[in-house]
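Take a look at the structure set out below.
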Amino acid sequence: MSNYPQQMDLIGSELAIRWQDGQEQFIELKHLRQECPCGYCKGEPDIIGGVETPVKHQPLTEESYRLVSINPVGRYALQLTWGDGHSAGVYSYEYLRSLNSK
Ligand SMILES: [Zn+2]
């Protein structure tokens, strides 16, 4: 089986993940939100022209960086819900591991 989070804790402004392989990762919530992988945040390919256009979105506020809930998606990802109601981001375990951490 691939690596998966065994335990997750919110510590201050960071999400601490203890992985099944024993590694611990601390990701700043701000960074986590800025790296939201959903089409809304990352820009989606245009259906007609196939041109990639970043979607304009609301400026992020304090609330945007408040992590409200973490929901497992199958056995490969986490869906994060933020204080401003944004919950479209599905973070695969692989993606989470690739994020900058301390
Ligand atoms: Zn997003």
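Overview of results
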read-out: Within segment 25-42, backbone nitrogen closer than 20 Å to the virtual label 7 Å beyond the Cα of Val73 toward Cβ; value: 27-42
read-out: FRET efficiency, 1/(1 + (r/R0)^6) with R0 35 Å, evaluated for Ser92 and Thr61 via beta carbons; value: 0.85
read-out: Under 5 Å, built H, 5+ apart or other chain: amide partners of Val90; value: Cys38
read-out: Cut-off under 5 Å, modelled amide H: who pairs with Tyr4 long-range; value: Gln20, Asp21
read-out: Residues Thr61, Thr81, sorted so that the one with the fewest Cβ neighbours within 10 Å comes first; value: Thr61, Thr81
read-out: Ranked list, fewest to most other Cβ atoms within 10 Å of each Cβ, for His31, His86; value: His31, His86
read-out: Estimated inter-spin distance, Asn100 and Ile11, nm [label 7 Å along Cα→Cβ]; value: 2.0
read-out: Charge sum, other residues only, whose C-beta stays under 15 Å from Tyr4's C-beta, Lys/Arg counted +1 and Asp/Glu -1; value: 0
read-out: Residue order, fewest to most surrounding Cβ atoms within 10 angstrom, among Ile17, Ile27, Ile70, Ile11; value: Ile11, Ile70, Ile27, Ile17
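Values in this text are rule-based calculations from the coordinates and carry no lab data. Note that the coordinates shown come from a computational prediction; the quantities given were computed from them, not determined experimentally. FYI the Cβ positions are ideal-geometry reconstructions off the backbone, even for glycines, and counts take in every protein chain you see.
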